[in-house]
1. Cα centroid distance between the range 191-217 and the range 89-115, in Å?
2. Determine the gain in length on full extension of the stretch residue 96-residue 38; use 0.36 nm per residue of separation and subtract their C-alpha separation, reporting nm with one decimal.
3. Roughly speaking, what is the centre-to-centre gap between the range 48-68 and the range 140-160 when only Cα atoms are used, to the nearest Å?
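Each reported figure results from applying straightforward, stated rules to the coordinates on display, with no laboratory input. On a predicted model such as this, the values are computed, not experimentally measured, just so you know.
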Amino acid sequence: MCTNRIGPAILLLVLLAAGCATPSTRQHRIRDAASWPSGERLRQSCVTALKSPGTWVPAAAAALMTVDDWDQKISRWAVEETPVFGSGRSARDASDNLRTATHLAMMATALAPSGEEYTWEWRFQRLGVEEAGALINSNFTDILKEATERKRPDASNYASFPSSHSSRAFNYATFASRNLDTMDLGDAARRGFRIGFYTLAAGTAWARVEGEKHYPSDVLAGAALGHFMGLLLHDAFLGRNEGAAVDVQLRRDGASLAVRLQY
C-alpha cells in the first residue's frame, strides 16, 4: 500500500511539472490576432509541440503505467481511499468544475492582453480561434476513444481512453498559458498564473481517476494530447505573422508608407 500511495503524488507532479515547463513566446508579440499558417510554420509548430515536456512527459508516463500493473493499482487505491475529494461523486463534480475553471481562464486571458495595439476586435478574434482549437482537440479525443474502446474502471461504457476531461482541461490551460505572453506581467506573476492554470488541469485529471471514470494512463494521455493540440494550434494560427505587413504613418508634413517583411 505504501507504493500505491506514492503513485497519485507522482501522477500529479508529472502533470503539473510538465505543463509548467511550456516555453514562453512572449517575444513574439503580434499585430493581427490570427493568420493562416504556411506549411513551414505548421511544421515548426508541430515540432515545437512534440518537443514540449508537457507533451512527451505525460505520454511517456502513460506508457510506464503498464509496468507492474500500476494503472490498475493506482486506480483501485484512488477509488477506495478517495484521498483528495472524499467521495467518488465529489470527485466527479470537481472534475466538471475544475475543467470549467480552465475554460474560463482561457477566455479571460484571451480578452485581457496589455497594450492599445490589442483592439477588442483582435481579442475576440483570438478567443474565437482558441475556441475553435478547443473544439478540434475535443474531436480528436473522441476519435481516439472510438478507436481504442477501452472500458472505464466503473464499467459504464467503452470510452475510457483518453480522458476527455483531462484533454480539454490541459488544452484550455495551454491556451491560457500562451495568452499570458501578451500581458504586461512580471516573471513571478506570470509563473504563478501558469502554475495555477496547470494545477486546475491536473486537479481535473486526478478527479477523473478518483471518480472511477478513468485510469491514470487515460488522464496522462489526455493531458499530452490536450497540451500538444494547444501548442500546435496556438503557435500555427496565433504565432508571429509571416509575409508582408504594411505600416502607414501620418505626420504634419505628410505621410509615409513602410513595408516590413516578417518571418
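1. Result: 12 Å between the Cα centres.
2. On the way: separation 58, 0.36 × 58 = 20.88 nm, distance 3.66 nm.
This chain segment gains 17.2 nm when fully extended.
3. So the two Cα centres are separated by 19 Å.
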